[in-house]
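None of the figures in this text is laboratory data; all of them are computed from the coordinates on show. Keep in mind it's a predicted model, so treat the numbers as computed, not measured.
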Amino acid sequence: MPPAADPADGAPTAAPATAPAAAPVADPSGPGAGTGAGADTDLAPPLTARQAERRRRILRTATALAARGGYEAVQMREVAEGAQVALGTLYRYFPSKVHLLVAVMLEQLRGLQEQVRRHPPTEPEPALRVAEALTRAFHALQREPLLAEAMVRALSFADRSVSAEVDQVSVATGRLILDAIGQSEPPTETQRAAVRVIEHTWHAALVAWLSGRASIAEVRADLHTAAGLLTRP
């Protein structure tokens, strides 16, 4: 359910002792049925224009804080102050910092997906197109390593209460991969299975790079290897 309309975002209120149990607001900007590897979880009613703008301010503020200082720099009170919303309002949109940063990652992935749609990969083979698109996405995250670290940490800290938001991240990653393939017909079951493996490889490669266990060259090689699954019958 979307948060109740806030009559006035005044001075921040005191943070609740524990985050509210209500689910965070679904993102109305996400696509509908689409061609993703899983079902879309954006099932909540759309936000009002005012609510949507408030949510965008919150995400922009959290993104800027994470880009400057990583996971630890994203403090809910600072996010509320930067977004000019009451702290209680922030918790109605995002019950915890993990919910908030997973939503930031979803926004980043949807932006990368839009870039792929505007400038599709040009390689002749589907596997090469997917590898190029994921390499582009990786380089985009590489330009903001503290932001990438914050988003990945949030994903790894996510528990069952964040499962719907994590599923949205998975769906967005799958859509990015399928958009890179560029075929007009729906994916086959074999392609869907390959997309799931590619998605897992991409996230694992990102974690390995952030922790210093993999070089850029190794990440690129792993992405090409995983994308090669698309060529299997």
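What is the gain in length, in nm to one decimal, between Ala217 and Gln142 on full extension, counting 0.36 nm per residue of separation less the C-alpha to C-alpha distance?
Difference between extended and current length: 25.7 nm.
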According to the square roots a ≥ b ≥ c of the eigenvalues of the Cα gyration tensor, what is the shape class of region 45-173, taking rounded for a/c under 1.5, prolate for a/b larger than b/c otherwise, and oblate for the remainder?
prolate
Hey, what do the phi angles of region 140-145 turn into as Karplus ³J(HN,Hα) couplings, whole Hz, using 6.51/-1.76/1.60 and θ = phi - 60°, x for Gly and Pro?
5, 5, 4, 5, 10, x
With the cut-off at 1.5 for a/c, could you classify region 134-225 from its C-alpha gyration tensor as rounded, prolate or oblate?
oblate
Cα centroid separation - region 169-228 against region 126-152, whole Å:
10
